[in-house]
Each structure stands twice: as C-alpha cells, then as structure tokens.
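Engineer: Please read through the structure below; I'll follow up with questions.
The values are calculated or read from the model by the stated rules, or taken from the named source; none is laboratory data. Computed from a prediction, not measured in an experiment: that's the story for all the values here. Using ideal geometry, Cβ is built from the backbone for each residue, glycine included, and neighbour counts are taken over all protein chains shown. Quick note on the areas: whole protein, heavy atoms, side chains included, nothing else; ligands and nucleic acids left out. Shrake-Rupley method; radii C 1.70, N 1.55, O 1.52, S 1.80 Å.
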Amino acid sequence: MAPITAAIERHTIAVVVDNEPGVLARVIGLFSGRGYNIESLTVAEVERSTSLSRLVPVHTVKDLTEDGPHVERELALIKVAGTGERRIEALRLAEIFRARVVDSTISSFVFEVTGSSEKLDAFIELVAPIGLVELARTGIAAMSRGTGQL
C-alpha cells in the first residue's frame with residue numbers, strides 16, 4: 001500500500017503588527033505550533049508614527065494567496081567566479097535575466113537579481129555550473145494589487 005502524501009500548499013501572508021519586543025516571536029510561534037513551515041520571512045517598519053502608538057500588537061492579517069491578485073518579488077545577491085569563457089557566459093545569463101552587476105573583480109561578479117522566486121531559482125540553477133560561490137536571498141515581499149491596502 002502506497003503512503004498517502006498531502007499536497008503542499010504555499011501561501012503568502014501579510015501581517016501588520018506593532019514594532020514591540022516579542023511580537024514577531026509570538027506570531028512565528030503560532031505558525032510553528034500548528035506545524036507550518038515558514039519558508040521566508042520579510043520584516044520592515046511600515047508606519048512608524050501610527051504603528052507604535054497602538055496597544056493591540058496585531059492589526060491585520062491577510063492571506064494574499066487566497067484574497068486575490070497580488071505582486072510578489074524577491075531579491076538575491078549571487079556571487080559567481082570564473083574567468084575566460086565562463087566569465088562571458090555568466091554575463092550572457094545576467095543579461096537574459098536582467099541581473100545587475102553590483103561588484104566585479106578579475107575573477108568574479110556579484111549579481112543582483114529581482115523578480116519571482118521561480119526566476120531567481122532558474123538563474124541560480126544556470127549559473128551554478130559556471131562557478132556559484134555564494135548566495136543571499138531576501139525572501140518574498142508581497143502586496144495586493146489595486147487600490148486596497150492591508
């Protein structure tokens with residue numbers, strides 16, 4: 001008898017909370033306590049003046065995946081080493097993926113790539129055999145489309 005495996009669902013959730021000690025830990029604890037994996041986490045201050053004066057730490061929670069159209073982007077810094085033909089190939093791939101060169105030495109480049117996670121994954125997969133040295137990713141930043149807000 002074959003084991004039953006549940007389909008993995010991916011959701012992008014936006015949560016607006018107060019910038020107070022322990023709030024992020026409590027939110028993460030709710031997800032981990034239910035057995036959910038957090039693939040990436042992006043944290044930023046959004047409204048300094050109004051957010052800090054409130055008493056209730058959580059203001060809104062929105063599942064962007066289920067609430068309608070939204071935009072997701074991620075940023076990666078990717079260091080690729082190589083000389084000669086490998087260097088030329090890395091630059092060709094960067095042009096195709098609209099990656100910016102943010103640092104260059106005689107034997108390496110650091111590329112900045114923004115876009116969907118799938119785009120970043122594809123670029124990384126293609127430059128890996130050329131000479132992938134190091135990689136840093138931000139995680140997904142997302143926002144609903146249209147005039148609505150959190």
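Engineer: Would you please calculate the Kirkwood hydrodynamic radius of region 103-150 over all C-alpha pairs and express it in Å, rounded to one decimal?
Structural biologist: 13.2
Engineer: Suppose R0 equals 35 Å. What FRET efficiency, 1/(1 + (r/R0)^6) with r the Cβ-Cβ distance, do residue 92 and residue 34 give to the nearest 0.05?
Structural biologist: That gives a FRET efficiency of 0.20.
Engineer: If you work out Cα extents along the principal axes in Å from the coordinates, which of [x] 76, 36, 21; [y] 185, 45, 10; [z] 59, 57, 32 do you get?
Structural biologist: Of the listed options [x] 76, 36, 21; [y] 185, 45, 10; [z] 59, 57, 32, [z] comes from this structure.
Engineer: Within the accessible area of the chain, what % is carbon and sulfur when the probe is 1.4 Å and the other protein chains stay in place?
Structural biologist: That fraction is 56 percent.
Engineer: Can you show me the helix-derived [θ] at 222 nm for the chain, built from DSSP H runs with n ≥ 4 at -39,500 (n - 2.57) apiece and divided by the number of residues, rounded to the nearest 500.
Structural biologist: -8500 deg cm²/dmol
Engineer: Now, a different point. Tell me the per residue accessible area of the chain using a 1.4 Å probe; a whole number in Å² is fine.
Structural biologist: Averaged over the residues of the chain, the accessible area is 72 Å².
Engineer: Taking 7 Å along the Cα-to-C-beta vector as the label spot, tell me the residue 126-residue 19 distance in nanometres, rounded to one decimal.
Structural biologist: 3.9
Engineer: What Kirkwood hydrodynamic radius do you get for region 54-143 when you take the inverse of the mean 1/r over all pairs of distinct Cα atoms, in Å?
Structural biologist: Radius from the Kirkwood sum: 14.6 Å.
Engineer: So, one more: Can you give the charge dipole size of the chain about its Cα centre, rounded to the nearest 20 debye, using +1 on the beta carbon of Lys and Arg and -1 on the beta carbon of Asp and Glu?
Structural biologist: 140
Engineer: Long-range amide H contacts for residue 75: which residues qualify at under 5 Å (H placed 1.01 Å from N, peptide plane, sequence gap of 5 or more or a different chain)?
Structural biologist: Correct list: 138, 139.
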